[in-house]
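Written below as C-alpha coordinates is the structure these notes are about.
The values are calculated or read from the model by the stated rules, or taken from the named source; none is laboratory data. No experiment lies behind these values; they were computed from the predicted model shown. For neighbour counting, all protein chains shown are included, and Cβ atoms are generated from backbone atoms with ideal geometry for every residue, glycine included.
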Ligand SMILES: Cc1cc2nc3c(=O)[nH]c(=O)nc-3n(C[C@H](O)[C@H](O)[C@H](O)COP(=O)(O)OP(=O)(O)OC[C@H]3O[C@@H](n4cnc5c(N)ncnc54)[C@H](O)[C@@H]3O)c2cc1C
(Lines give C-alpha, C1' and ligand atoms only; values in the text may rest on other atoms or scores of the structure.)
Protein backbone atom coordinates (compact mmCIF):
# COMPACT_ATOMS: atom_id res chain seq x y z
CA UNK A 1 0.00 0.00 0.00
CA UNK A 2 1.15 3.52 -0.62
CA UNK A 3 0.80 6.17 2.12
CA UNK A 4 -2.84 6.79 1.13
CA UNK A 5 -3.62 3.11 1.26
CA UNK A 6 -3.76 2.28 -2.44
CA UNK A 7 -1.91 -0.36 -4.38
CA UNK A 8 -0.28 1.20 -7.43
CA UNK A 9 0.18 -1.19 -10.34
CA UNK A 10 3.22 -0.44 -12.40
CA UNK A 11 2.19 0.63 -15.88
CA UNK A 12 5.42 1.88 -17.38
CA UNK A 13 6.12 -1.43 -19.05
CA UNK A 14 3.91 -2.45 -21.97
CA UNK A 15 1.35 -5.02 -20.74
CA UNK A 16 2.25 -7.54 -23.41
CA UNK A 17 5.98 -7.32 -22.69
CA UNK A 18 7.34 -10.22 -20.65
CA UNK A 19 9.01 -8.94 -17.53
CA UNK A 20 12.03 -9.93 -15.47
CA UNK A 21 11.91 -8.51 -11.96
CA UNK A 22 15.03 -8.45 -9.80
CA UNK A 23 14.86 -8.04 -6.01
CA UNK A 24 17.99 -6.50 -4.47
CA UNK A 25 21.35 -5.32 -5.80
CA UNK A 26 23.24 -8.16 -4.16
CA UNK A 27 26.55 -9.54 -5.36
CA UNK A 28 24.90 -12.01 -7.76
CA UNK A 29 22.64 -9.45 -9.47
CA UNK A 30 25.62 -7.20 -10.03
CA UNK A 31 27.01 -9.90 -12.34
CA UNK A 32 23.80 -9.82 -14.38
CA UNK A 33 24.24 -6.05 -14.54
CA UNK A 34 27.79 -6.56 -15.84
CA UNK A 35 26.51 -9.01 -18.45
CA UNK A 36 23.90 -6.48 -19.67
CA UNK A 37 26.47 -3.71 -19.97
CA UNK A 38 29.03 -5.90 -21.70
CA UNK A 39 26.44 -6.95 -24.34
CA UNK A 40 24.94 -3.55 -25.22
CA UNK A 41 21.42 -4.13 -26.47
CA UNK A 42 20.18 -2.56 -29.69
CA UNK A 43 16.62 -2.15 -28.44
CA UNK A 44 16.36 0.09 -25.36
CA UNK A 45 12.66 -0.86 -25.03
CA UNK A 46 13.64 -4.49 -24.48
CA UNK A 47 15.83 -3.43 -21.55
CA UNK A 48 12.83 -1.74 -19.96
CA UNK A 49 11.30 -5.20 -19.56
CA UNK A 50 13.85 -5.71 -16.78
CA UNK A 51 12.85 -4.07 -13.48
CA UNK A 52 15.10 -3.86 -10.42
CA UNK A 53 13.71 -3.04 -6.96
CA UNK A 54 16.40 -2.14 -4.47
CA UNK A 55 16.33 0.21 -1.44
CA UNK A 56 19.65 2.07 -1.67
CA UNK A 57 21.20 4.27 -4.36
CA UNK A 58 24.64 3.09 -3.24
CA UNK A 59 25.48 -0.26 -1.68
CA UNK A 60 28.30 -0.79 0.82
CA UNK A 61 30.67 -3.57 -0.30
CA UNK A 62 30.92 -5.92 2.70
CA UNK A 63 34.57 -6.90 2.06
CA UNK A 64 35.60 -3.30 2.78
CA UNK A 65 33.58 -2.75 5.98
CA UNK A 66 36.47 -3.78 8.30
CA UNK A 67 38.89 -1.64 6.24
CA UNK A 68 36.63 1.41 6.72
CA UNK A 69 36.38 0.73 10.47
CA UNK A 70 40.19 0.33 10.68
CA UNK A 71 40.48 3.80 9.14
CA UNK A 72 42.38 2.63 6.05
CA UNK A 73 39.69 3.81 3.64
CA UNK A 74 36.75 6.22 3.68
CA UNK A 75 33.18 4.93 3.76
CA UNK A 76 32.62 6.54 0.31
CA UNK A 77 35.33 4.32 -1.16
CA UNK A 78 33.40 1.21 -0.11
CA UNK A 79 30.27 2.19 -2.06
CA UNK A 80 29.01 0.65 -5.29
CA UNK A 81 26.80 3.24 -7.08
CA UNK A 82 24.03 0.78 -7.95
CA UNK A 83 21.35 3.28 -8.98
CA UNK A 84 23.63 4.90 -11.56
CA UNK A 85 24.81 1.49 -12.79
CA UNK A 86 21.33 0.03 -13.32
CA UNK A 87 20.20 3.23 -15.00
CA UNK A 88 23.28 3.19 -17.24
CA UNK A 89 22.45 -0.41 -18.18
CA UNK A 90 19.04 0.89 -19.34
CA UNK A 91 16.83 -1.22 -17.05
CA UNK A 92 13.98 0.20 -14.97
CA UNK A 93 15.24 1.17 -11.50
CA UNK A 94 12.81 1.41 -8.58
CA UNK A 95 14.27 2.61 -5.29
CA UNK A 96 12.17 0.69 -2.77
CA UNK A 97 12.03 -2.52 -0.73
CA UNK A 98 9.95 -5.54 -1.64
CA UNK A 99 7.57 -6.52 1.16
CA UNK A 100 6.12 -9.69 -0.28
CA UNK A 101 6.09 -12.08 -3.20
CA UNK A 102 2.81 -13.60 -4.38
CA UNK A 103 3.70 -16.83 -6.19
CA UNK A 104 0.16 -17.54 -7.39
CA UNK A 105 -0.46 -14.13 -8.93
CA UNK A 106 3.21 -13.72 -9.94
CA UNK A 107 3.47 -10.28 -8.38
CA UNK A 108 5.64 -8.50 -5.85
CA UNK A 109 4.46 -5.70 -3.57
CA UNK A 110 6.83 -2.93 -2.50
CA UNK A 111 6.80 -0.88 0.70
CA UNK A 112 5.17 2.14 -0.98
CA UNK A 113 2.45 -0.02 -2.50
CA UNK A 114 3.75 -0.62 -6.01
CA UNK A 115 2.63 -3.96 -7.40
CA UNK A 116 4.78 -5.41 -10.15
CA UNK A 117 3.93 -8.51 -12.10
CA UNK A 118 6.69 -10.78 -13.31
CA UNK A 119 7.29 -13.56 -15.77
CA UNK A 120 10.68 -14.30 -14.28
CA UNK A 121 11.66 -13.24 -10.76
CA UNK A 122 15.16 -13.25 -9.32
CA UNK A 123 15.75 -12.82 -5.57
CA UNK A 124 19.13 -11.64 -4.27
CA UNK A 125 18.10 -9.68 -1.18
CA UNK A 126 20.79 -10.85 1.26
CA UNK A 127 20.35 -11.04 5.01
CA UNK A 128 20.03 -8.61 7.88
CA UNK A 129 20.14 -8.28 11.68
CA UNK A 130 17.39 -7.08 14.02
CA UNK A 131 17.27 -3.33 14.64
CA UNK A 132 17.57 -1.79 18.13
CA UNK A 133 16.28 1.49 19.54
CA UNK A 134 19.23 2.01 21.92
CA UNK A 135 22.09 4.11 20.60
CA UNK A 136 24.64 1.90 22.41
CA UNK A 137 23.62 -1.32 20.59
CA UNK A 138 24.72 -1.40 16.95
CA UNK A 139 23.95 -4.33 14.62
CA UNK A 140 26.60 -4.76 11.89
CA UNK A 141 23.93 -5.17 9.21
CA UNK A 142 22.59 -3.28 7.30
CA UNK A 143 26.06 -1.82 6.70
CA UNK A 144 25.13 1.74 5.87
CA UNK A 145 23.53 2.62 9.25
CA UNK A 146 26.26 0.64 11.01
CA UNK A 147 29.04 2.69 9.41
CA UNK A 148 27.17 5.92 10.17
CA UNK A 149 26.53 4.79 13.75
CA UNK A 150 30.02 3.57 14.64
CA UNK A 151 31.92 6.70 13.56
CA UNK A 152 30.66 9.03 16.37
CA UNK A 153 31.50 6.31 18.90
CA UNK A 154 35.04 5.98 17.55
CA UNK A 155 35.51 9.74 17.78
CA UNK A 156 34.07 9.81 21.28
CA UNK A 157 36.42 7.04 22.44
CA UNK A 158 39.44 8.64 20.73
CA UNK A 159 38.85 12.09 22.21
CA UNK A 160 37.73 11.18 25.72
CA UNK A 161 39.86 10.66 28.76
CA UNK A 162 38.11 8.09 30.86
CA UNK A 163 38.98 7.16 34.43
CA UNK A 164 38.26 3.56 33.61
CA UNK A 165 38.64 2.06 30.13
CA UNK A 166 35.75 2.37 27.69
CA UNK A 167 34.25 -1.11 27.29
CA UNK A 168 33.26 -2.37 23.81
CA UNK A 169 31.53 -5.74 23.42
CA UNK A 170 31.13 -7.76 20.25
CA UNK A 171 28.28 -10.26 20.28
CA UNK A 172 29.13 -13.18 17.97
CA UNK A 173 32.28 -15.08 17.07
CA UNK A 174 32.05 -15.65 13.32
CA UNK A 175 34.22 -14.06 10.62
CA UNK A 176 32.41 -10.70 10.68
CA UNK A 177 32.57 -10.40 14.49
CA UNK A 178 36.27 -11.34 14.50
CA UNK A 179 37.11 -8.88 11.70
CA UNK A 180 35.22 -5.97 13.27
CA UNK A 181 36.91 -6.54 16.60
CA UNK A 182 40.35 -6.60 14.93
CA UNK A 183 39.50 -3.50 12.91
CA UNK A 184 38.41 -1.58 16.02
CA UNK A 185 41.56 -2.64 17.86
CA UNK A 186 43.60 -1.09 15.02
CA UNK A 187 41.59 2.14 14.93
CA UNK A 188 41.54 2.56 18.73
CA UNK A 189 45.08 1.37 19.46
CA UNK A 190 45.98 4.62 21.27
CA UNK A 191 42.73 4.86 23.23
CA UNK A 192 41.79 3.70 26.68
CA UNK A 193 39.50 0.88 25.63
CA UNK A 194 38.97 -2.77 26.44
CA UNK A 195 37.16 -5.39 24.39
CA UNK A 196 34.97 -8.38 25.14
CA UNK A 197 33.78 -11.01 22.70
CA UNK A 198 30.56 -12.75 23.75
CA UNK A 199 29.64 -16.09 22.20
CA UNK A 200 29.09 -19.65 23.38
CA UNK A 201 30.71 -20.88 20.17
CA UNK A 202 34.48 -20.94 19.54
CA UNK A 203 35.85 -18.09 17.40
CA UNK A 204 35.83 -18.79 13.63
CA UNK A 205 34.36 -22.24 14.24
CA UNK A 206 33.15 -22.42 10.64
CA UNK A 207 36.75 -23.19 9.74
CA UNK A 208 39.02 -25.97 11.09
CA UNK A 209 39.66 -26.52 14.81
CA UNK A 210 43.27 -25.49 14.27
CA UNK A 211 42.22 -22.08 12.92
CA UNK A 212 39.67 -21.64 15.67
CA UNK A 213 42.25 -22.43 18.38
CA UNK A 214 44.74 -20.04 16.77
CA UNK A 215 42.16 -17.22 16.79
CA UNK A 216 41.15 -17.91 20.42
CA UNK A 217 44.83 -17.74 21.46
CA UNK A 218 45.33 -14.54 19.50
CA UNK A 219 42.37 -12.89 21.26
CA UNK A 220 43.71 -14.06 24.63
CA UNK A 221 47.17 -12.59 23.83
CA UNK A 222 45.53 -9.34 22.73
CA UNK A 223 43.81 -9.08 26.12
CA UNK A 224 40.31 -9.54 24.72
CA UNK A 225 37.92 -10.74 27.40
CA UNK A 226 36.09 -13.89 26.19
CA UNK A 227 32.61 -14.49 27.57
CA UNK A 228 31.69 -17.97 26.41
CA UNK A 229 27.93 -17.66 26.70
CA UNK A 230 25.08 -17.03 24.30
CA UNK A 231 22.98 -13.97 25.03
CA UNK A 232 19.32 -13.53 24.30
CA UNK A 233 18.97 -10.93 21.52
CA UNK A 234 16.12 -9.00 23.21
CA UNK A 235 17.02 -5.35 23.75
CA UNK A 236 16.03 -5.33 27.45
CA UNK A 237 18.18 -8.41 28.11
CA UNK A 238 21.19 -6.91 26.29
CA UNK A 239 20.86 -3.64 28.24
CA UNK A 240 20.70 -5.52 31.50
CA UNK A 241 23.84 -7.54 30.63
CA UNK A 242 25.69 -4.42 29.46
CA UNK A 243 24.85 -2.64 32.68
CA UNK A 244 26.06 -5.48 34.87
CA UNK A 245 29.34 -5.73 32.88
CA UNK A 246 29.76 -1.94 32.61
CA UNK A 247 29.80 -2.29 28.83
CA UNK A 248 29.44 1.06 27.03
CA UNK A 249 28.86 -0.15 23.47
CA UNK A 250 27.72 -3.48 22.03
CA UNK A 251 28.17 -4.49 18.39
CA UNK A 252 25.79 -7.25 17.37
CA UNK A 253 27.31 -9.65 14.86
CA UNK A 254 25.27 -12.80 15.33
CA UNK A 255 24.06 -14.90 12.36
CA UNK A 256 22.01 -12.55 10.14
CA UNK A 257 18.47 -13.52 9.13
CA UNK A 258 17.62 -13.91 5.46
CA UNK A 259 15.50 -10.93 4.31
CA UNK A 260 11.91 -12.10 4.68
CA UNK A 261 9.72 -11.62 1.59
CA UNK A 262 6.51 -13.13 2.90
CA UNK A 263 7.29 -16.64 1.64
CA UNK A 264 6.71 -19.71 3.83
CA UNK A 265 10.34 -20.78 3.66
CA UNK A 266 13.24 -18.65 4.95
CA UNK A 267 15.53 -19.35 2.01
CA UNK A 268 14.39 -20.27 -1.48
CA UNK A 269 15.42 -23.84 -2.27
CA UNK A 270 17.17 -23.90 -5.65
CA UNK A 271 18.50 -26.44 -8.14
CA UNK A 272 21.96 -26.28 -9.71
CA UNK A 273 20.83 -23.69 -12.29
CA UNK A 274 19.63 -21.49 -9.36
CA UNK A 275 15.95 -21.86 -10.28
CA UNK A 276 13.55 -22.54 -7.43
CA UNK A 277 12.76 -26.25 -7.13
CA UNK A 278 9.08 -25.28 -6.56
CA UNK A 279 8.70 -22.74 -9.36
CA UNK A 280 11.05 -22.52 -12.34
CA UNK A 281 10.04 -18.89 -12.96
CA UNK A 282 11.86 -17.88 -9.74
CA UNK A 283 15.61 -17.67 -9.31
CA UNK A 284 17.42 -17.12 -6.01
CA UNK A 285 21.08 -16.59 -5.18
CA UNK A 286 23.49 -15.55 -2.43
CA UNK A 287 22.07 -15.50 1.09
CA UNK A 288 18.51 -15.77 -0.34
CA UNK A 289 19.15 -19.26 -1.75
CA UNK A 290 19.27 -22.67 -0.18
CA UNK A 291 21.27 -24.86 -2.54
CA UNK A 292 19.91 -28.46 -2.60
CA UNK A 293 20.61 -30.05 0.79
CA UNK A 294 23.91 -28.27 1.34
CA UNK A 295 24.29 -25.60 4.00
CA UNK A 296 26.55 -23.09 2.25
CA UNK A 297 28.10 -20.33 4.36
CA UNK A 298 26.58 -16.88 4.21
CA UNK A 299 29.36 -15.29 2.20
CA UNK A 300 29.96 -12.77 -0.55
CA UNK A 301 32.39 -15.23 -2.17
CA UNK A 302 29.58 -17.76 -2.73
CA UNK A 303 27.18 -15.02 -3.93
CA UNK A 304 29.79 -13.84 -6.44
CA UNK A 305 30.36 -17.36 -7.77
CA UNK A 306 26.63 -17.89 -8.13
CA UNK A 307 26.44 -14.49 -9.83
CA UNK A 308 28.32 -15.77 -12.88
CA UNK A 309 25.88 -18.68 -13.27
CA UNK A 310 22.82 -16.51 -12.60
CA UNK A 311 23.94 -13.89 -15.13
CA UNK A 312 24.25 -16.51 -17.86
CA UNK A 313 20.88 -18.14 -17.10
CA UNK A 314 18.90 -14.93 -16.63
CA UNK A 315 20.36 -13.41 -19.79
CA UNK A 316 19.45 -16.50 -21.78
CA UNK A 317 15.88 -16.54 -20.38
CA UNK A 318 15.49 -12.84 -21.09
CA UNK A 319 16.53 -13.32 -24.70
CA UNK A 320 14.19 -16.31 -25.04
CA UNK A 321 11.29 -14.30 -23.61
CA UNK A 322 11.78 -11.66 -26.27
CA UNK A 323 12.22 -14.10 -29.14
CA UNK A 324 9.33 -16.38 -28.28
CA UNK A 325 6.90 -14.09 -26.48
CA UNK A 326 7.14 -16.29 -23.45
CA UNK A 327 7.07 -19.71 -25.14
CA UNK A 328 9.61 -21.96 -23.43
CA UNK A 329 12.54 -23.02 -25.63
CA UNK A 330 15.31 -25.46 -24.82
CA UNK A 331 17.78 -23.76 -22.55
CA UNK A 332 21.49 -24.25 -22.07
CA UNK A 333 21.50 -23.18 -18.45
CA UNK A 334 24.81 -23.07 -16.61
CA UNK A 335 25.02 -25.07 -13.38
CA UNK A 336 26.45 -23.93 -10.06
CA UNK A 337 28.83 -26.44 -8.50
CA UNK A 338 29.50 -25.63 -4.84
CA UNK A 339 33.24 -25.23 -4.40
CA UNK A 340 34.96 -27.70 -2.06
CA UNK A 341 36.78 -24.76 -0.50
CA UNK A 342 37.05 -21.01 -1.06
CA UNK A 343 39.79 -18.53 -0.27
CA UNK A 344 38.74 -16.38 2.68
CA UNK A 345 40.67 -13.25 3.58
CA UNK A 346 39.97 -11.68 6.98
CA UNK A 347 41.45 -8.59 8.66
CA UNK A 348 43.54 -9.94 11.56
CA UNK A 349 45.60 -6.98 12.81
CA UNK A 350 47.23 -3.71 11.78
CA UNK A 351 47.68 -4.01 7.98
CA UNK A 352 47.52 -7.76 8.43
CA UNK A 353 45.06 -10.26 6.99
CA UNK A 354 44.40 -13.93 7.55
CA UNK A 355 44.19 -16.20 4.50
CA UNK A 356 42.15 -19.37 4.98
CA UNK A 357 42.13 -22.11 2.37
CA UNK A 358 40.71 -25.37 3.69
CA UNK A 359 42.82 -26.28 6.70
CA UNK A 360 45.66 -24.00 5.62
CA UNK A 361 45.87 -20.52 7.16
CA UNK A 362 48.38 -17.73 7.44
CA UNK A 363 48.26 -14.20 8.88
CA UNK A 364 50.57 -11.59 7.36
CA UNK A 365 51.13 -8.15 5.86
CA UNK A 366 51.39 -9.42 2.27
CA UNK A 367 47.97 -11.05 2.62
CA UNK A 368 46.53 -7.69 3.71
CA UNK A 369 48.03 -6.11 0.57
CA UNK A 370 46.55 -8.91 -1.53
CA UNK A 371 43.11 -8.42 0.11
CA UNK A 372 43.39 -4.66 -0.47
CA UNK A 373 44.07 -5.23 -4.16
CA UNK A 374 41.24 -7.76 -4.59
CA UNK A 375 38.74 -5.45 -2.82
CA UNK A 376 39.92 -2.41 -4.79
CA UNK A 377 39.72 -4.25 -8.12
CA UNK A 378 36.22 -5.52 -7.27
CA UNK A 379 34.85 -2.04 -6.56
CA UNK A 380 36.71 -0.57 -9.54
CA UNK A 381 35.27 -3.19 -11.90
CA UNK A 382 31.83 -1.61 -11.25
CA UNK A 383 32.94 2.00 -11.22
CA UNK A 384 34.59 1.44 -14.62
CA UNK A 385 31.17 0.64 -16.10
CA UNK A 386 30.02 4.24 -15.59
C1 LIG B 1 31.32 -7.03 8.62
C2 LIG B 1 31.11 -8.05 7.54
C3 LIG B 1 32.15 -8.32 6.68
C4 LIG B 1 31.99 -9.29 5.70
N5 LIG B 1 33.05 -9.53 4.89
C6 LIG B 1 32.96 -10.50 3.97
C7 LIG B 1 34.08 -10.79 3.14
O8 LIG B 1 35.18 -10.21 3.27
N9 LIG B 1 33.93 -11.77 2.20
C10 LIG B 1 32.75 -12.45 2.06
O11 LIG B 1 32.68 -13.35 1.20
N12 LIG B 1 31.67 -12.21 2.82
C13 LIG B 1 31.73 -11.25 3.77
N14 LIG B 1 30.64 -10.99 4.56
C15 LIG B 1 29.35 -11.70 4.30
C16 LIG B 1 28.62 -11.00 3.17
O17 LIG B 1 28.33 -9.65 3.52
C18 LIG B 1 27.24 -11.60 2.79
O19 LIG B 1 27.23 -12.98 2.95
C20 LIG B 1 26.98 -11.24 1.32
O21 LIG B 1 26.91 -9.84 1.21
C22 LIG B 1 25.70 -11.85 0.81
O23 LIG B 1 25.57 -11.42 -0.53
P24 LIG B 1 24.18 -11.38 -1.24
O25 LIG B 1 24.46 -11.20 -2.69
O26 LIG B 1 23.34 -12.55 -0.84
O27 LIG B 1 23.42 -10.11 -0.65
P28 LIG B 1 23.94 -8.64 -0.37
O29 LIG B 1 25.23 -8.38 -1.04
O30 LIG B 1 23.83 -8.43 1.11
O31 LIG B 1 22.84 -7.74 -1.10
C32 LIG B 1 21.48 -7.74 -0.74
C33 LIG B 1 20.77 -6.69 -1.57
O34 LIG B 1 19.37 -6.74 -1.36
C35 LIG B 1 18.88 -5.46 -1.00
N36 LIG B 1 17.67 -5.67 -0.21
C37 LIG B 1 17.56 -6.01 1.08
N38 LIG B 1 16.26 -6.12 1.43
C39 LIG B 1 15.54 -5.88 0.32
C40 LIG B 1 14.14 -5.85 0.03
N41 LIG B 1 13.22 -6.12 0.96
N42 LIG B 1 13.75 -5.54 -1.24
C43 LIG B 1 14.66 -5.27 -2.19
N44 LIG B 1 15.99 -5.29 -1.98
C45 LIG B 1 16.43 -5.60 -0.74
C46 LIG B 1 20.03 -4.81 -0.27
O47 LIG B 1 19.90 -3.42 -0.20
C48 LIG B 1 21.17 -5.26 -1.20
O49 LIG B 1 21.18 -4.50 -2.37
C50 LIG B 1 30.76 -10.01 5.56
C51 LIG B 1 29.71 -9.74 6.42
C52 LIG B 1 29.87 -8.79 7.42
C53 LIG B 1 28.71 -8.55 8.36
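Candidates 147, 171, 184, 204: the one that is in the same structural domain as residue 227 (by TED's automatic domain parsing) and within 13 Å of residue 224 (Cβ to Cβ) is 184.
Residues of the range 131-146 that are within 14 Å of the ligand (Cβ to nearest atom) and either in contact with a helix residue (DSSP H, G or I) (Cβ under 9 Å, 6 or more places away or on another chain) or over 22 Å from residue 257 (Cβ atoms) (or both): 131, 138, 139, 140, 141, 143, 144, 146. Among the conditions (1) away from the ligand (no atom under 15 Å from the Cβ); (2) buried (at least 20 other Cβ atoms within 10 Å of the Cβ), residue 282 misses just one, which is (1). Residue 277 meets the conditions (1) in contact with a strand residue (DSSP E or B) (Cβ under 8 Å, 6 or more places away or on another chain); (2) more than 25 Å from residue 214 (Cα to Cα); (3) touching a residue at least 24 places away in the same chain (Cβ under 8 Å) in every case but one. The failed one is (3). When you check residue 323 against the structure, is it assigned to a helix (DSSP H, G or I), modelled with pLDDT under 95 and assigned by TED's automatic domain parsing to the domain that holds residue 59, yes or no? Taking the combined requirement at face value, the residue satisfies it. Hey, any hits in the range 363-372 for a residue that's more than 24 Å from the chain's Cα centre (by Cα) and crowded, with 17+ Cβ neighbours inside 10 Å? Checked the range 363-372: at least one residue is more than 24 Å from the chain's Cα centre (by Cα) and crowded, with 17+ Cβ neighbours inside 10 Å. Scanning the range 285-303 for residues being in contact (Cβ under 8 Å) with a residue 12 or more places away in the chain and surrounded by fewer than 24 Cβ atoms within 10 Å (Cβ to Cβ) gives a total of 11.
Among the residues of the range 166-205, those that are within 25 Å of residue 233 (Cα to Cα) and in a loop (DSSP other than H, G, I, E, B) comprise 172, 173, 174, 199, 200, 201, 202, 203, 204, 205.
Condition check ((1) surrounded by 15 or more Cβ atoms within 10 Å (Cβ to Cβ); (2) without any contact (Cβ under 8 Å) to a residue 12 or more places away in the chain; (3) more than 22 Å from the chain's Cα centre (by Cα)) across all residues:
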{"site": "90", "(1), (2), (3)": "yes, no, yes"}
{"site": "97", "(1), (2), (3)": "yes, no, no"}
{"site": "101", "(1), (2), (3)": "yes, no, no"}
{"site": "111", "(1), (2), (3)": "no, no, no"}
{"site": "118", "(1), (2), (3)": "yes, no, yes"}
{"site": "129", "(1), (2), (3)": "yes, no, no"}
{"site": "146", "(1), (2), (3)": "yes, no, no"}
{"site": "157", "(1), (2), (3)": "yes, no, yes"}
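Entry remark, the range 108-121: residues being touching a helix residue (DSSP H, G or I) at 6+ places or on another chain (Cβ under 6 Å) and within 12 Å of the ligand (Cβ to nearest atom) number 0 in total.
Looking only at the range 38-61, residues that are modelled with pLDDT under 95 and surrounded by fewer than 19 Cβ atoms within 10 Å (Cβ to Cβ) come to 11 in all. For residues that are under 19 Å from residue 305 (Cα atoms) and without any contact (Cβ under 8 Å) to a residue 12 or more places away in the chain, tally how many sit in the range 342-374. Within the range 342-374, residues that are under 19 Å from residue 305 (Cα atoms) and without any contact (Cβ under 8 Å) to a residue 12 or more places away in the chain number 1. Looking at the range 169-182, can you tell me whether even one residue there is more than 10 Å from the ligand (Cβ to nearest atom) and surrounded by fewer than 16 Cβ atoms within 10 Å (Cβ to Cβ)? So far as the range 169-182 goes, no, none of its residues is more than 10 Å from the ligand (Cβ to nearest atom) and surrounded by fewer than 16 Cβ atoms within 10 Å (Cβ to Cβ). Exactly one residue out of 340, 272, 334 is assigned to a loop (DSSP other than H, G, I, E, B), away from the ligand (no atom under 13 Å from the Cβ) and surrounded by 15 or more Cβ atoms within 10 Å (Cβ to Cβ), and it is 334.
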